[in-house]
Amino acid sequence: MAKITTRASLNVGTELTIDEPNRTFTLNVAGNLVAKDGVTLQALYSKFSDLWATSTYQDSPFPMNAIDALSGQYYFGVDAGGNYNGWKPANDTTRQMLRDGGWREYSSAGVLNREYAGFVGLGAVNSGAQPYYHLSATDAPTNFVFTDQFNLGVQVYGDAGNGNLDKRTYAKSFIREFGKKFKDSILADTGKTATGPYIVNFLISNEDDLKVTNTLGTTVQATGDALMSSAPYSGITVAYYTANQSRTINGVACNFKIIVAGNGATLEQIYCKLQYLLRQASDINTGGTAGAKVGKIQSSLGSFVGDTFVTATSVYIDNIQATDSNRIEFYDDGGTKRTNPYTAAGTMYFNAPLVGAGSSYRLMFSAPPGAGNDYGEAGAVTVNNAAGTPITGTISAASFTFDYDYDGNTQAGFTAGTDRAVTLIGIRPGYGKFAVATGTLTRSKSISLSLVAEADRAYV
């Protein structure tokens, strides 16, 4: 079946029941009518016009008025002449099957009882997706009655006997599915300042999110969600604050109100956990001062542009992997983009005679002799890593990763942001002879230094 768009597909006694004494009509899941597909308000209006052209119904007032079919605006309980008569849908099941429009329901005394906005999603969503909405920024999320792309009336007004609500100034719809990119659309995006008895289009679509599916290695939601309770995901949390939290980026103190605990995870892993949190119907605020924050209705915390993670405004991520420090862009509370100074990274390799107890390695700056602070001179300077710790120690493994503050290191009087010649030395008495290797620290994440020593058979 499909959405009923013509009056010919509506048959009294099958898809449509008319109760003249009580002035109600009922849509029935029968014949051509499937609840999820529904019937357009225009088709219903046209059917009423045909019926009231016959003597059978002409002793009753006309049930509705089509204000504007193009904008999808209709009134029940009043005819084109402005005569109020109290006709209305018999129940909410009937209302939930009306498509492509919004409407008002008037009493016979001309009192507005109910108002429905026609929420229509534009764009492709995956089969089985559950879109949802709320009518106030503080409201809990409400699922649309049917899955897949939405097209139905949402009550935005009701008098004291019909819900006692008036929420015609705000609306936001969401689609957030596992393994798909998230999308939300707010009323302001539609160019409207208020909802009403007419169509309100929301641009809602989702496509595969490879940063989730590739990282988790599966597109099965149950499996993906189960991983969130294991390391490193379990330690990734988000805190919302009322007051600014200061973080220093590239030597500048910056303010943020949302702090993510990265738990030493990769940016992809952090993103997966954040997307998981934003699908939860529970409070996701861990340790923050801003009160309960229901995940499903919170704004996005960030997204990937290629391999670069771009945070939402006022979001900062603590404790990310050092190798990821230069593929993240922060936007502080004022909306200013902030980036970390460039951190170079690489790996030092050692052959077997150097690996083990009693060994030692050190990385030092080297340049043409004469400065007094290079390798081979009395004031030789050991290279610091990005945290300011000297790169030296015991050779306990065949390789070590290291990082280097390329944009900020001024050791030995050199200018920051320039390539630096270095010398790597190592020794393991009785096993590996003293060995020397040279290299260059460049603006790169893949620096490689290799130290090869002869086996020491002369040591006593």
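Descriptive notes on the structure:
- When the strands (runs of 3 or more DSSP E) confined to the range 37-128 are screened for residues that are closer than 24 Å to Asn11 by Cβ, small (Gly, Ala, Ser) and in contact with a helix residue (DSSP H, G or I) (Cβ under 8 Å, 6 or more places away or on another chain), those reaching at least 1 such residues are found at 64-68.
- Tally, over the range 307-334, of residues that are among the small types (Gly, Ala, Ser) and closer than 22 Å to Thr347 by Cβ: 2
- Every test in (1) within 19 Å of Asn214 (Cβ to Cβ); (2) out of contact with any strand residue (DSSP E or B) (no Cβ under 7 Å at 6 or more places or on another chain) is passed by Gly295 save one, and that test is (1).
- If the condition is being of a type outside the set (A, V, I, L, M) and either touching an Asp or Glu at 6+ places or on another chain (Cβ under 6 Å) or buried (at least 18 other Cβ atoms within 10 Å of the Cβ) (or both), then the range 59-69 contributes Ser60, Pro61, Phe62, Pro63, Asn65.
- The residues of the range 129-144 that are without any contact (Cβ under 8 Å) to a residue 12 or more places away in the chain and in a strand (DSSP E or B) amount to a single one, Thr142.
- Residue within the range 184-199 that is assigned to a helix (DSSP H, G or I), of a type outside the set (A, V, I, L, M) and outside the structural domain of Pro131 (by TED's automatic domain parsing) present: no
- Among the numbered conditions (1) at negative phi; (2) out of contact with any Ser or Thr (no Cβ under 7 Å at 6 or more places or on another chain); (3) modelled with pLDDT of 95 or more; (4) not assigned by TED's automatic domain parsing to the domain that holds Ala66, the only one that Ala222 does not meet is (3).
- Subset tally (residues that are surrounded by 13 or more Cβ atoms within 10 Å (Cβ to Cβ), at positive phi and of a type outside the set (D, E, K, R)) for the range 1-58: 2
- Of all the listed residues (Ala386, Ala378), the sole one being assigned to a loop (DSSP other than H, G, I, E, B) and more than 21 Å from Gln321 (Cβ to Cβ) is Ala378.
- Residue under evaluation Glu268, criteria (1) over 16 Å from the mean Cα position of the chain (by Cα); (2) more than 28 Å from Ala137 (Cβ to Cβ), criterion not met: (1)
- The range 444-460, subset among the polar types (S, T, N, Q) and not in a loop (DSSP other than H, G, I, E, B), residue farthest from Asp419 (Cα to Cα): Ser450
- Check on Lys211, within 15 Å of the chain's Cα centre (by Cα) and among the basic types (Lys, Arg): yes
- Of everything listed in (1) acidic (Asp, Glu); (2) surrounded by 22 or more Cβ atoms within 10 Å (Cβ to Cβ); (3) under 20 Å from the mean Cα position of the chain (by Cα), the single unmet condition for Glu115 is (3).
- Looking only at the range 190-206, residues that are free of Cβ contacts under 8 Å to residues at least 60 places away in the same chain and loosely packed, with under 14 Cβ neighbours inside 10 Å come to 3 in all.
- Restricting Phe400, Phe365 to residues that are within 19 Å of Leu424 (Cβ to Cβ), free of Cβ contacts under 8 Å to residues at least 60 places away in the same chain and crowded, with 19+ Cβ neighbours inside 10 Å narrows the list to Phe365.
- Counting the residues of the range 400-437 that are in contact with a Leu (Cβ under 9 Å, 6 or more places away or on another chain) and among the small types (Gly, Ala, Ser) gives 5.
The values are calculated or read from the model by the stated rules, or taken from the named source; none is laboratory data. Small disclaimer: the values here were computed from a predicted structure and weren't measured. Please note: Cβ atoms are built from the backbone with ideal geometry, for glycine as well, and neighbour counts cover all protein chains shown.
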